[in-house]
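The values are calculated or read from the model by the stated rules, or taken from the named source; none is laboratory data. None of these values were measured; they are calculated from a predicted model. Cβ placement follows ideal geometry from the backbone for every residue including glycine, while neighbour counts extend to all protein chains displayed. Please note that ligands, DNA and RNA were not included when accessible areas were found on the heavy atoms of the full protein model with its side chains. Shrake-Rupley method; radii C 1.70, N 1.55, O 1.52, S 1.80 Å.
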Amino acid sequence: MLQQLLQDFGYFALFLGTFFEGETILVLAGFLAFRGYMDINLVVVVAFLGSYAGDQLWYFLGRKHGRKLLARKPRWQLMGDRALEHIRRHPDIWVLSFRFVYGLRTVMPVAIGLSGYPPGRYLLLNGIGAAIWATALAAAAYHFGAVLEGMLGSVKKYELWVLGALLVVGFALWLRRRLKNARLAKKIYEAEQAEQAEYLKSRKPTTPVE
């Protein structure tokens, strides 16, 4: 059943997952490839295409609507400002490596587009970065399965536990990021309210002394 499900929808799900985020679903796909449910070469190709297409889209959105996009979330705004500083100092290095820094997957391409980085150069270096990322992460997950098998013998009876553990870790990382965003949004809101109150207080007319 699992094999049929993955054959029907696995690669499409991998493409969508890597288009929007990527790390967890690519690790799952790499492990499933080791177990023989998916083809490791197709996993790398599909992950490359999803990642490449997604980051090209965010880059062009950044060129057109960068500030509006970053302003949608307080954490994006702060990270975007920091990202712009890094990009201006080492633009090519960040284009090649931002996928390997957890939490920057969406913000960094937007910031790169906003920075005025040349489209042709981004097209090339983003492709190289996507290929390295897809190959490295898929291979790491594939070999993780091999290491487990070396430690436990046949991992077939443990495979559902391993998949469940990977899903739990992925969900925990996602939840941690959501909670962090919520705390940051609350702090920014409170700071804005305090600033507004201080401004209104300073604008309040004083009663003249007779």
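Per the conditions (1) closer than 24 Å to LEU114 by Cα; (2) modelled with pLDDT of 80 or more; (3) more than 17 Å from the chain's Cα centre (by Cα), the sole criterion not satisfied by PHE34 is (1). Selection within segment 85-94: residues that are out of contact with any Leu (no Cβ under 7 Å at 6 or more places or on another chain) and not basic (Lys, Arg). The member of this set that is nearest to ALA111 (Cα to Cα) is ILE87.
Listed by position, the helices (runs of 4 or more DSSP H) enclosed by segment 58-119 that each have at least 1 residues that are in contact (Cβ under 8 Å) with a residue 40 or more places away in the chain and surrounded by 17 or more Cβ atoms within 10 Å (Cβ to Cβ) are 74-89, 107-114. Of the residues making up segment 56-89, just one is more than 15 Å from the chain's Cα centre (by Cα) and among the polar types (S, T, N, Q), namely GLN77. Within segment 13-24, can you find the residues that are of a type in the set (A, V, I, L, M, F, W, C) and open to solvent by 50 Å² or more (accessible area, probe 1.4 Å)? Selection gives PHE15, LEU16, PHE20.
Cβ separations smaller than 8 Å between residues 6+ apart or across chains give the following pairs from segment 34-53 residues that are open to solvent by less than 50 Å² (accessible area, probe 1.4 Å) to residues that are not in a helix (DSSP H, G or I) and not β-branched (Val, Ile, Thr): ALA47/GLY22; GLY50/GLY22; SER51/GLY22. Taken residue by residue, segment 133-149 has no member that is open to solvent by 40 Å² or more (accessible area, probe 1.4 Å), modelled with pLDDT under 85 and under 15 Å from ASP55 (Cα atoms).
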